[in-house]
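Chemist: Pasting a structure here, questions to come.
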Amino acid sequence: MALYPRLRNTIAAISASLCFATPALAQDIPSLFSDTEVEQTLRTFCTPIWIAAGLKPEDVHIVLVNSPELNAFVAGGQNIFVYTGMLEKSDNPLQVIGVIAHETGHIAGGHLVRGDENMENASYTMLLATVLAGAAAVGSHDPGAIAGALGIGEDMGIRNYLMSSRTTEASADEAGMSFLEKAQMSPRGLLEFMQKIEVEEGVPLTGDQKFLIDHPPTPERVEAMIQGLGRSHYADKRLPPEWDEMYARMKAKLIGYLHPDFAMKKYSRADTTVAGRYARAVAMWRLGQIEPAVELIDQLIALEPKNAYFHQAKAQMLFENGRIADSVASFKTAAALAPKGTDEIHTEYAQALLEKEDPANLQLAIDELKIAEKIETHNPELHRFFATAYGRQGHEALAKLELAEEAILEDRPKTARRMASDAMRHLPAGSREWLRAQDLIAASLTRKTHGDDEDSAGIHFSVGPAGGSPTGLFGPGNSGFTQRP
């Protein structure tokens, strides 16, 4: 479990870009983080939904957002952003599946305009920043801010947008219910989670307030879902028993990582389940109690020696406490056991190899990064590691090409253009790498430069309709149930 590395350096830049955000929002930008186990658990739960919707599961990306809000949304294509608050406050796998079924309804329904290739290929950081900007604008109910964020005219245009948004949200609810039925899963979880939202919202909207939100009133959605549950042939069908254990471990790991003090109380020593011990091990690691954390994770490894995630957790504990050489062996085992289609473990293994600073490990690090690159195309830090490895091998042109890739993902077109141009001068004309450098230069010329990006790792962007309005359980105008008229 790790923060996307660049996020630590870009939070301030994102905050500055949210020109119409409230001070509270600008000061509390949620961060992205990746965790293979959580993401793979969600993929296991939701693959039947994606198949029912006619989507290729491998084309759908799960992105985790560290925020306590009960939220999820879709942006930039088939990217589903899932808030940790939604996972933590859920009660069972069916509720999580129901929420993602709703989001799948947006993807399958074509509710995202897909005319801007830059947004399709943007980093997850940029997409999150764009969503937050739109959410801040609509949440402020300032017509000028809303118009600027969403690229629409004021007054009637805003009302038309909100009406259209309410229609698409109702459509996504209906589609989500139909996908659950086709996948032979109960829609009870989606209903339960919507009822949870209804309780959190408190007093229902009245009068004109109903027309100033971008989602149908929650009581109306609850009623529609109650009717849908009554029609379902699978209303009382249970999920596979092993999914309950996967859910318990996922939630325990999240709580241990994000709320270690609370986790030590919730999962006391009296809790001898694997999930309980897992939570305590992660929590102790986060609290700096490295030796008892490693001892406890070793006990779990003894129980399940082929569990890649336990080996990964041990490796991270060692790595982040400066025991680089010791971590490499655990990362190697985790990478060998990692499920196909996962990238994070391979990236972490490569990083540990690079940190060890042994020239003999450079090619192995590059090989691991290539495995990760086939799966994850939105992580700029991946290209930073490539550049480090190539640079140490003496391949300066390849290193600069990777730095150009990183800069494009971080929306720093001037830096990307300079690095790609430098790389081209030292690459064989017509080679695959030379052509890629040429493509990066062309891509950099299509992006607007907001100030001098040469010395900045920040993100600069404009919000408009070309990239498609992000949409989800709460939608772009309301990134949580507290944003009310």
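The values are calculated or read from the model by the stated rules, or taken from the named source; none is laboratory data. Because the structure is predicted, anything quoted here is derived from the model rather than measured. Glycine gets a Cβ as well: all are built from the backbone with ideal geometry, and neighbour counts include every protein chain shown. Areas reflect the complete protein model, heavy atoms only, side chains present, ligands, DNA and RNA absent. Shrake-Rupley method; radii C 1.70, N 1.55, O 1.52, S 1.80 Å.
Chemist: Long-range amide H contacts for S31: which residues qualify at under 5 Å (H placed 1.01 Å from N, peptide plane, sequence gap of 5 or more or a different chain)?
Modeler: For S31, whose amide H was placed from the backbone, the distant partners under 5 Å are N66.
Chemist: Turning to a different aspect of this structure: Mind listing the phi-derived Karplus ³J(HN,Hα) values for the range 384-392, rounded to whole Hz, using 6.51, -1.76 and 1.60 with θ = phi - 60°, and x for any glycine or proline?
Modeler: 5, 5, 4, 4, 4, 5, 5, x, 5
Chemist: How large is Rg/Rh for the range 59-114, to two decimals, with Cα atoms and a Kirkwood Rh?
Modeler: Rounded to two decimals, Rg/Rh equals 0.97.
Chemist: Among K237/K370; K182/K265; K340/K400; K56/K253; K314/K400, which pairs are too far apart, with a Cα-Cα distance over 32 Å?
Modeler: From the list (K237/K370; K182/K265; K340/K400; K56/K253; K314/K400), the Cα-Cα distance tops 32 Å for K237/K370; K182/K265; K314/K400.
Chemist: Quick one: if the Förster radius is 35 Å, what FRET efficiency do Q184 and K266 give, using the C-beta to C-beta distance and rounding to 0.05?
Modeler: With a Förster radius of 35 Å, E is 0.55.
Chemist: Another one. Can you tally the net charge around I62? Count Lys and Arg as +1, Asp and Glu as -1, for every other residue whose Cβ sits under 11 Å from the Cβ of I62.
Modeler: Result for the local shell: -2.
Chemist: Still on this structure: Add +1 for every Lys or Arg and -1 for every Asp or Glu among the other residues with Cβ under 11 Å from the Cβ of I324, and state the total.
Modeler: Working: positive: R323, K356; negative: E320, D326, E355, E357, D358.
Result for the neighbourhood of I324: -3.
Chemist: Separate question: With only alpha-carbon pairs counted, each pair once and no self-pairs, how large is the Kirkwood hydrodynamic radius of the range 215-315 in angstroms?
Modeler: 15.7
Chemist: So, R0 is 35 Å and r is the distance between the beta-carbons of I375 and S421; what FRET efficiency does that work out to, to 0.05?
Modeler: Working: r = 29 Å, r/R0 = 0.83.
The calculated FRET efficiency here is 0.75.
Chemist: Please report the projected area of the range 262-350's Cα convex hull averaged over all directions, in nm².
Modeler: Average projection, Cα convex hull of the range 262-350: 5.7 nm².
Chemist: Something else: Going by average Cβ neighbours within 10 Å, how do the peptides 279-290, 234-245 rank, with the highest at the top?
Modeler: Those peptides, ordered most packed to least, come out 279-290, 234-245.
Chemist: Then there's this: Residue separation times 0.36 nm, minus the C-alpha to C-alpha distance between A325 and T446: what's the value?
Modeler: Result: 39.2 nm gained on full extension.
Chemist: Hey, any idea what % of the range 226-309's accessible area is carbon plus sulfur with a 1.4 Å probe?
Modeler: So the carbon and sulfur contribution to the accessible surface is 54 percent.
Chemist: Amide H to amide H, which residues 5 or more places from H426 or on other chains are under 5 Å from it, using H placed in the peptide plane?
Modeler: Those qualifying (amide H under 5 Å, at least 5 residues apart or on another chain) number zero.
Chemist: Next up: Using R₀ = 25 Å, calculate the FRET efficiency as 1/(1 + (r/R₀)^6) where r is the Cβ-Cβ separation of R392 and S431; round to 0.05.
Modeler: My answer for the efficiency is 0.70.
Chemist: So, one more: Which whole-Hz ³J(HN,Hα) couplings does the range 349-361 yield from phi under the Karplus relation 6.51 cos²θ - 1.76 cosθ + 1.60, θ = phi - 60°, glycine and proline marked x?
Modeler: Karplus-based 3J(HN,Hα) across the range 349-361 equals 4, 4, 4, 5, 4, 5, 5, 5, 6, 10, x, 5, 8 Hz.
Chemist: Further, regarding this structure: Going by accessible area, probe 1.4 Å, with all protein chains left in place, what is the ranking of E376, E192, largest first?
Modeler: Correct descending sequence by accessible area is E192, E376.
Chemist: Hey, another quick one. Once phi is turned into ³J(HN,Hα) by the Karplus curve 6.51 cos²θ - 1.76 cosθ + 1.60 with θ = phi - 60°, what whole-Hz value does each residue of the range 405-417 show in order, with x for glycine and proline?
Modeler: My calculation for the range 405-417 gives 4, 4, 5, 4, 5, 8, 6, 10, x, 5, 5, 4, 5 Hz in order.
Chemist: Continuing with the same structure: Would you rank K356, K265 by solvent-accessible area, highest first, keeping every protein chain in place and using a 1.4 Å probe? Before the final figure, lay out each step's value.
Modeler: Working: K356 90, K265 165 Å².
Solvent-accessible surface, decreasing: K265, K356.
Chemist: Then there's this: W50: accessible area at probe 1.4 Å, nearest 10 Å²?
Modeler: About 0 Å², rounded to the nearest 10.
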